[in-house]
1. Would you confirm whether any residue within segment 169-185 is in a helix (DSSP H, G or I) and of a type in the set (Val, Ile, Thr)?
2. Let me spell it out: the conditions are (1) free of Cβ contacts under 8 Å to residues at least 24 places away in the same chain; (2) open to solvent by 40 Å² or more (accessible area, probe 1.4 Å), and GLN179 meets all of them except one. Which number is the exception?
3. Any idea which residue in segment 93-114 is surrounded by the most Cβ atoms within 10 Å (Cβ to Cβ), counting only those that are modelled with pLDDT of 75 or more, in contact with a helix residue (DSSP H, G or I) (Cβ under 6 Å, 6 or more places away or on another chain) and in a loop (DSSP other than H, G, I, E, B)?
4. Pick from LEU189, LEU162, LEU133, LEU145: which is closer than 17 Å to VAL63 by Cβ and aliphatic (A, V, I, L, M)?
5. Please work out which residue is nearest to the chain's Cα centre (by Cα), limiting yourself to segment 29-86 and to residues that are part of a helix (DSSP H, G or I) and among the basic types (Lys, Arg).
6. Restricting attention to segment 127-157, and to residues there that are outside any strand (DSSP E or B) and in contact with a Cys (Cβ under 8 Å, 6 or more places away or on another chain), which single residue is surrounded by the fewest Cβ atoms within 10 Å (Cβ to Cβ)?
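The values are calculated or read from the model by the stated rules, or taken from the named source; none is laboratory data. Small disclaimer: the values here were computed from a predicted structure and weren't measured. Heads up, the Cβs are rebuilt from the backbone with ideal geometry, glycines too, and the neighbour counts pull from every protein chain shown. Heads up: the accessible areas ignore ligands, DNA and RNA and are worked out on the full protein's heavy atoms, side chains in. Shrake-Rupley method; radii C 1.70, N 1.55, O 1.52, S 1.80 Å.
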Amino acid sequence: MQSLGDRWPSRVMCYPANPGWGYAELLSWLQQQISNDQPLFLLAESFSGPLAIELATRRPDQVRGIVLCCTFAANPRPSLRWAARLLPWLPVVTWPSGPMLRLLMGSYGTTEGRRQMVEVVSSLSPELVRARLAAVIAVDVRPVLPSLRPPVWVLQAGADALVPDAATQELCHGIAQAQRVRLLGPHALLQACPEAAAAVLRDAWRQCFPDHPAERASS
């Protein structure tokens with residue numbers, strides 16, 4: 001996030017755009033990409049939440065803190081589980097104009113932020129979008145939530161049109177040490193409200209690494 005500044009180095013994990021990969025394959029790939037010789041501070045947004053949770057349970061001595069942003073531990077819309085069988089025929093429009101852009105950004109964000117959202121989402125193939133939706137419908141990492149050892153911040157968007165409050169409550173309920181932070185913004189909270197989100201991240205980092213200045217941080 002640019003709002004964190006240069007003193008807060010980070011690595012953005014860009015998942016392979018393979019429609020044949022679900023959460024299991026992505027977790028295996030993720031573990032191969034991240035070395036196990038340095039402490040980690042994880043920020044996981046939306047689809048990535050279950051991956052961060054699973055990674056933290058597999059590397060309990062390495063992960064020092066987790067920020068889960070607008071995400072879930074299981075299908076956030078369980079009433080729509082029946083729609084899974086219809087996904088192969090679901091028409092997917094990946095140009096995020098009109099209704100789709102409103103779902104992601106609402107009325108929030110700058111012109112540049114909204115332009116970047118259009119650019120990112122429009123690069124996704126319909127097959128990949130269907131595969132990610134199928135993975136979300138089937139995922140369930142609730143059983144491992146009690147085993148999370150690092151402190152966890154659950155960042156919730158007050159105007160989230162995709163992840164309802166019930167899904168956030170369920171996520172927090174399963175993590176004994178969860179700290180829930182609610183910010184006014186849409187599902188794409190990090191993109192629409194970067195300064196407010198960055199403030200939460202800075203505070204979380206300082207609590208996890210009180211003796212390590214940001215210049216030496218690795219996340």
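1. First pass over segment 169-185, keeping only residues in a helix (DSSP H, G or I): 169-173.
This time we only want the ones that are of a type in the set (Val, Ile, Thr), so: none.
There is no residue in segment 169-185 that is in a helix (DSSP H, G or I) and of a type in the set (Val, Ile, Thr).
2. (1)
3. Ranking the candidates gives GLY109 first.
4. Values: LEU189 fails: closer than 17 Å to VAL63 by Cβ; LEU162 fails: closer than 17 Å to VAL63 by Cβ; LEU133 fails: closer than 17 Å to VAL63 by Cβ.
The match here is LEU145.
5. Step by step, filter segment 29-86, then rank; the result is ARG58.
6. Per the stated criteria, the residue is PRO151.
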